[in-house]
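*Asks:* Structure incoming, see below.
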Amino acid sequence: QVQLVESGGGLVQTGGSLRLSCAASGNIYSRNTMEWYRQAPGQQRELVAQASNEGSIHYTDSVKGRFTISRDNAKNTVYLQMDSLKPEDTAVYYCALLTPSTLYWGQGTQVTVSS
């Protein structure tokens, strides 16, 4: 079993920054991708960014140039640095760990960007 614990959410003004962290523990398969999703009220959960253990990184178009995903494989931790935040970034942000067989979820952390 794998556990994911997120931290770093909060309230920030437009143009501000936040850094989310997600620490994974348990039986972690070495070949994996760590991901950040978000879900705004009344909307579907969307993939924001992902980083594989081999170094492949992808972002959804709306956050390119503003968000940076990184991971520390020794600590099984993934980070999401969010800069130039906009009100439309307000959502619950979820960490996920994808292996060839399973997708594990964290509990989510609220990010609120005030205008």
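The values are calculated or read from the model by the stated rules, or taken from the named source; none is laboratory data. Model, not experiment: these values are computed from the prediction. Every residue, glycine as well, gets a Cβ built from its backbone with ideal geometry; the counts of neighbours run over all protein chains shown. Ligands, DNA and RNA are excluded from the accessible area calculation, which covers all protein heavy atoms including side chains. Shrake-Rupley method; radii C 1.70, N 1.55, O 1.52, S 1.80 Å.
*Asks:* Please determine, by comparing only the residues of the range 93-115 that are touching an Asp or Glu at 6+ places or on another chain (Cβ under 8 Å) and outside any strand (DSSP E or B), which one is nearest to Val78 (Cα to Cα).
*Replies:* Gly106
*Asks:* Go through the range 81-102 residue by residue and tally those that are hydrophobic (A, V, I, L, M, F, W, C) and farther than 16 Å from Glu6 by Cα.
*Replies:* Counting residues in the range 81-102 that are hydrophobic (A, V, I, L, M, F, W, C) and farther than 16 Å from Glu6 by Cα gives 1.
*Asks:* While we're on this one: Would you say Ser84 is farther than 13 Å from Cys22 by Cβ and either touching a residue at least 12 places away in the same chain (Cβ under 8 Å) or in a strand (DSSP E or B) (or both)? Spell out how you get there, then give the answer.
*Replies:* Details: farther than 13 Å from Cys22 by Cβ: yes; either touching a residue at least 12 places away in the same chain (Cβ under 8 Å) or in a strand (DSSP E or B) (or both): yes.
So Ser84 passes the test.
*Asks:* Consider Gly10 against the criteria (1) of a type outside the set (A, V, I, L, M); (2) at pLDDT 95 or above; (3) open to solvent by less than 60 Å² (accessible area, probe 1.4 Å); (4) within 17 Å of Thr99 (Cα to Cα): it satisfies all of them except one. Which criterion is unmet?
*Replies:* (4)
*Asks:* Being in contact with a helix residue (DSSP H, G or I) (Cβ under 9 Å, 6 or more places away or on another chain) and surrounded by 14 or more Cβ atoms within 10 Å (Cβ to Cβ) is the filter here; which residues of the range 87-111 pass it?
*Replies:* Matches in the range 87-111: Asp89, Val111.
*Asks:* Pick out the one residue from Ser84, Ser114 that is among the small types (Gly, Ala, Ser) and in contact with a Pro (Cβ under 8 Å, 6 or more places away or on another chain).
*Replies:* None of the others qualify; the one that does is Ser114.
*Asks:* State which residue is nearest to Tyr104 (Cα to Cα) when the search covers only the range 7-27 and only residues that are of a type in the set (Ser, Thr, Tyr) and in a strand (DSSP E or B). Reasoning before the result, please.
*Replies:* Step one: of the range 7-27, the residues of a type in the set (Ser, Thr, Tyr) are 7, 14, 17, 21, 25.
Applying the additional criterion that residues be in a strand (DSSP E or B) yields 7, 21, 25.
Details: Ser7: 16, Ser21: 16, Ser25: 11 Å.
Of everything passing the filter in the range 7-27, Ser25 is nearest to Tyr104 (Cα to Cα).
*Asks:* Okay, moving on. Name the single residue that is nearest to Gly16 (Cα to Cα) among those in the range 49-70 being in a loop (DSSP other than H, G, I, E, B) and open to solvent by 50 Å² or more (accessible area, probe 1.4 Å).
*Replies:* The residue in question is Gly65.
*Asks:* If you check Ser30 against the conditions, is it in a loop (DSSP other than H, G, I, E, B), open to solvent by 50 Å² or more (accessible area, probe 1.4 Å) and farther than 21 Å from Val12 by Cα? Walk me through how you get there before you give the answer.
*Replies:* Details: in a loop (DSSP other than H, G, I, E, B): yes; open to solvent by 50 Å² or more (accessible area, probe 1.4 Å): yes; farther than 21 Å from Val12 by Cα: yes.
Yes.
*Asks:* From (1) more than 11 Å from the chain's Cα centre (by Cα); (2) surrounded by 14 or more Cβ atoms within 10 Å (Cβ to Cβ); (3) touching a residue at least 40 places away in the same chain (Cβ under 8 Å), pick out the condition that doesn't hold for Lys75.
*Replies:* For Lys75, the exception is condition (2).
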